[in-house]
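Structure, as structure tokens:
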Amino acid sequence: MKTKFGIILSIVLLLVLSACGQNNTDDSKPPGEKKNRKNTNVASLSIHLTNDLLALGITPAGSVVGGGLKDFLPHVKDQLINTKKLGPAADPDMEALLALKPSAIYMDEEYGGKDIDKFKKIAPVHVFNLDEGTWRDHLKKIGKLVDREKQAEEFVEDYEKETKEVKGLIEHELGKNSKAMAIRVTAKELRVFGTARPMGPLLFDDLGLIPANGVKKVDANQPYQVISQEVLPDFDADAIFVVVNQDDQSKTAFKQMENSPIWKGLKAIKNKHVYVIPDQPWLDYSAIGNKIAMDQAKKIFSKQ
Amino acid sequence: MKKAMPPDAKRAAFVSILFIVISIASILISLNTGTLPIPPVKVIQTLFGYGDFTSTTVLFDYRLPRILITILAGIGLGISGAILQGLSRNPLADSGILGLHAGAAFGLIIYVTYFHSLNEKASLFIPLFTFFGGVLAALFIVLLAKDRFKGILPIRLILVGIAISAGFGAVTLFLSLRLNEDTYLFASRWLVGNVWGRDWIHVISLLPWIFILSPYAWLQSKTLNVLSLGDSVATGLGAAVQKKRLILLVTAVGLSCASVSVTGSIGFLGLVAPHLARRLVGPMYQYFLPLSGLIGLVILVLADMIGRSVFAPNSVPAGVVVAAIGAPYFLYLLAKTK
């Protein structure tokens, strides 16, 4: 019986092994089929830098995907149909990157870290610290690198123009010097965004809203802080932006919160100044992300 | 030639050679698998130093270190499982079930929290941290599973192990959750057996543990044979039961915890490999211990290959692939031993 088992096992293994081998030979197309597109054969190892590149009219040949989504961000997905997915930013697919033979690699310092030599071996690497400066600075820096400085300037100008408009709409709706805060409802916790990216610069710098009490106390190096519902009234916000995660549990959590007496007692609720916004593009701190968010804000506040 | 070998030894030699061949085959196939297709001929060319830039980079920088890690860890987990099953005289023993991996995870989180930002050389000490975590878990298990009169009770060993495993796992996740999101993600990926070690430094950190402890365990085959007969028989045969058991336990902890330090908590491998080996060549340790290591190697190399290729571009942790095969086998064993 033992002999039989051994024989069967080895046969099965051999079959499995040979099957695997065959698949591989089938896939062996010559690499480098893609034609080198001048200047635009770049790889981006940050979803935000990908969207900055898109803003300049450059479609990266390869880009990492959103870690949780396992896909490109929804608001730019249709622009990235021909872009190769390079896995999540925290663990990019090195082989796919190498296969692209990119002319340059754009990466976020946060994820590059110690391994930067690995990437330098493949192509010149441009490292960005996304916490430094705003997306305008990143966009202009990229513009310089790819010789599209003019596009970068235009994009920023366009954005500032729209921002001014939206700022007017908001002032009209909320009054001058109104205090705002942004929160995010997830299945397990309630978060308040601080003044750091992604929400801080958009609301408080661009739209000129004043951070509600306590928003400034959130660690400036962290995007958010977990709070309990009970402290919401202490923020005394005139307007609240609410990001609700897409999953059902988070939606249920938000519904429960909406029915709580604390929520109903909030000043912003009473004045109907609560705005539910989608996580994307609002949390995508990039040129395109903020531009689309601004478009949405314009819609929200012109409706009122 | 000497006298004909005993049939057991002959059989063991045959099966071992067969598995060495299978191992080499699976390593070659694994080397050939990846996002970037490289023809088999080129793989062999590159291995002998005649590759171009692309194939050399892919093979030597990306694939080979990872495969070597799964090879070493597979051997380590297979052998440690074999030792633990003998020591506990329980066919359900495995370093994961006994809670050693959870202990290792605890050690790893301490490393990640306080030393991860240090320079690359610090990676060499990772197995040391997981080892001490594992020893800590083993200490708890032995203390709690010990009966004052009867010594360590095999049945209790497993139950206590499961409890310790859950406890340490909870503490680890809690700690990592309190630290920051990245550490938490890392820990939760690690706990399902994600081969995260990708660099030569991780190979080097793992190498001495496996190269020293595996031959040592094999040399102790006779002791293991005797110990698996039960304490009273073993004592009667003149073995220093308590002392030997302690040394071998530490060996098993060293092998398994060093292995999982870079591969993540791979469950069931230490359970399945010794079982298959025992079925193929019988219960004598001198025969089935090395085979158990080889089977561990084959399973882990193939599991990691499947995990990173079949579900591409999203990779599945090797531990999940192993568990997908190992869990049904475990249930089958449970049903059969009743």
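The values are calculated or read from the model by the stated rules, or taken from the named source; none is laboratory data. All values reported here derive from a predicted model rather than from experimental measurement. We place every Cβ from the backbone using ideal geometry, glycine too, and count neighbours over all the protein chains shown. Surface accessibility is based on the protein's heavy atoms, side chains included, excluding ligands, DNA and RNA. Shrake-Rupley method; radii C 1.70, N 1.55, O 1.52, S 1.80 Å.
Filter the cross-link list A:LYS179/A:LYS270; A:LYS140/A:LYS291; A:LYS216/A:LYS267; A:LYS70/A:LYS179 down to pairs whose alpha-carbon distance in this structure exceeds 24 Å.
Values: A:LYS179/A:LYS270 15 Å; A:LYS140/A:LYS291 15 Å; A:LYS216/A:LYS267 20 Å; A:LYS70/A:LYS179 36 Å.
Beyond 24 Å between Cα atoms: A:LYS70/A:LYS179.
If a/c stays under 1.5 just call it rounded; otherwise compare a/b with b/c (prolate if a/b is bigger, oblate if not). Do that for the range A:36-165, with a ≥ b ≥ c from the square roots of the Cα gyration tensor eigenvalues.
Working: a/c = 1.58, a/b = 1.49, b/c = 1.06.
Since a/c reaches 1.5 and a/b is larger than b/c, the shape of the range A:36-165 is classed as prolate.
Take each of the peptides A:246-258, B:191-203, B:257-269, average the number of other beta-carbon atoms within 10 Å over its residues, and list them starting from the highest. Mind showing how you got there, number by number?
On the way: A:246-258: 14.1, B:191-203: 20.7, B:257-269: 30.1.
Ranking the peptides A:246-258, B:191-203, B:257-269 by packing returns B:257-269, B:191-203, A:246-258.
With the cut-off at 1.5 for a/c, could you classify chain B from its C-alpha gyration tensor as rounded, prolate or oblate? List each step's numbers first, then the result.
Working: a/c = 1.89, a/b = 1.20, b/c = 1.57.
Oblate shape, in that a/c is at least 1.5 and b/c is the bigger or equal ratio.
When we measure straight from the Cα of A:LYS101, which aspartates and glutamates land under 17 angstrom away, once same-chain ones fewer than 8 places off are left out?
A:GLU33, A:ASP93, A:ASP117, B:ASP52, B:ASP61
Note down the nm distance, to one decimal, between modelled labels 7 Å out along Cα→Cβ at A:GLN222 and at A:LYS167.
3.1 nm
Be a star and scan the range B:259-301 for residues whose amide nitrogen sits under 19 Å from the point 7 Å along the Cα-to-Cβ vector of B:LEU173.
Taking a point 7 Å out along Cα→Cβ of B:LEU173, the residues of the range B:259-301 whose backbone N falls under 19 Å are B:264-268.
For peptide B:11-24, how many partner chain Cβ atoms fall within 10 Å of a residue's Cβ, on average? Working shown, then result.
Values: counts 3, 0, 0, 1, 5, 0, 0, 5, 4, 0, 2, 5, 0, 0.
Mean shielding count: 2.
So for each of A:63-73, B:86-96, B:316-326 I average, over its residues, the number of other beta carbons within 10 Å; can you give me the resulting order with the highest mean first?
Numbers: A:63-73: 18.1, B:86-96: 24.5, B:316-326: 22.5.
Result, highest mean first: B:86-96, B:316-326, A:63-73.
Once phi is turned into θ = phi - 60°, what whole-Hz ³J(HN,Hα) does the Karplus curve with 6.51, -1.76 and 1.60 give for every residue of the range A:55-65, x standing for Gly and Pro?
4, 8, x, 10, 8, x, 6, x, 8, 6, 10
Summarise the accessible area of the protein assembly as shown (1.4 Å probe, protein heavy atoms) by the percent that is carbon and sulfur.
Working: 18780 of 30440 Å².
Percent of accessible area from carbon and sulfur atoms in the protein assembly as shown: 62.
Given the DSSP H assignment, sum -39500 (n - 2.57) over each helix run of at least 4 residues in chain B and divide by its residue total; what's the result at 222 nm in deg cm²/dmol, nearest 500?
Working: 15 runs with 250 residues, N = 338.
Roughly -24500 deg cm²/dmol at 222 nm, from the helical runs in chain B.
Near the amide H of A:LEU130, under 5 Å away, which other amide H atoms are found, from residues 5 or more places off or on another chain, if H is placed in the peptide plane?
Answer set, sorted by chain and number: A:GLU109, A:GLU110.
In the range A:69-90, what residues drop by 20 Å² or more in accessible surface going from the chain by itself to the full protein assembly, probe 1.4 Å?
Flagged in the range A:69-90: A:LYS70, A:LYS85.
With every protein chain kept in place and ligands, DNA and RNA left out, what is the accessible area per residue of the range A:42-147? Probe 1.4 Å, answer in Å².
Numbers: 4340 Å² over 106 residues.
Heavy-atom accessible area per residue stands at 41 Å².
Please average, across the residues of B:27-40, the number of beta carbons from any other chain that are within 10 Å of each residue's own beta carbon, and give a whole number.
Details: counts 0, 2, 8, 1, 0, 5, 5, 7, 11, 10, 10, 4, 4, 4.
Partner Cβ neighbours, averaged per residue: 5.
Once amide H atoms are placed 1.01 Å from N in the peptide plane, what residues at a sequence separation of 5 or more from A:VAL65, or on another chain, have their amide H within under 5 Å of its amide H?
Long-range HN contacts for A:VAL65: A:LEU86, A:GLY87, A:ALA89.
Amide H to amide H, which residues 5 or more places from B:VAL316 or on other chains are under 5 Å from it, using H placed in the peptide plane?
Close amide H contacts, sequence-distant or interchain: B:ARG308, B:PHE311.
Partner chain Cβ atoms within 10 Å, averaged over the residues of B:184-196 - can you pull that number for me?
Details: counts 0, 3, 1, 0, 0, 2, 0, 0, 0, 0, 1, 0, 1.
Mean shielding count: 1.
Could you tell me which of rounded, prolate or oblate describes the range B:35-130, using a ≥ b ≥ c as the square roots of the eigenvalues of the alpha-carbon gyration tensor, with rounded for a/c under 1.5 and, failing that, prolate when a/b is larger than b/c and oblate otherwise? Display every interim value, and only then the final one.
Numbers: a/c = 3.67, a/b = 1.58, b/c = 2.32.
Oblate is the answer for the range B:35-130, as a/c is 1.5 or above yet b/c matches or exceeds a/b.
Pairs of lysines 8 or more apart, or on different chains, with alpha carbons under 23 Å: count those in chain B, would you?
Step by step, the pairs that qualify in chain B add up to 10.
With the crude spin-label approximation of a point 7 Å out along Cα→Cβ, what separation in nm comes out for A:ILE269 versus A:GLU153?
Each label point is offset 7 Å from its Cα along the Cβ direction, giving 5.0 nm.
What 222 nm value per residue comes from the helices of chain A, counting each DSSP H run with n ≥ 4 as -39,500 (n - 2.57) and dividing by all residues, nearest 500 deg cm²/dmol?
Values: 13 runs with 133 residues, N = 304.
When only DSSP H runs of four or more count, the value is -13000 deg cm²/dmol.
Using a 1.4 Å probe on protein heavy atoms only, how many Å² of accessible area do B and A hide from each other, summed over both chains and rounded to 100?
On the way: alone 16420 and 16980 Å², together 30440 Å².
Buried area (both sides, nearest 100 Å²): 3000 Å².
How much length would be gained if the chain were fully extended between B:VAL41 and B:ILE24, taking 0.36 nm per residue of separation minus their Cα-Cα distance, in nm to one decimal? Mind dumping the intermediate values first?
Numbers: separation 17, 0.36 × 17 = 6.12 nm, distance 1.55 nm.
So the extension gain works out to 4.6 nm.
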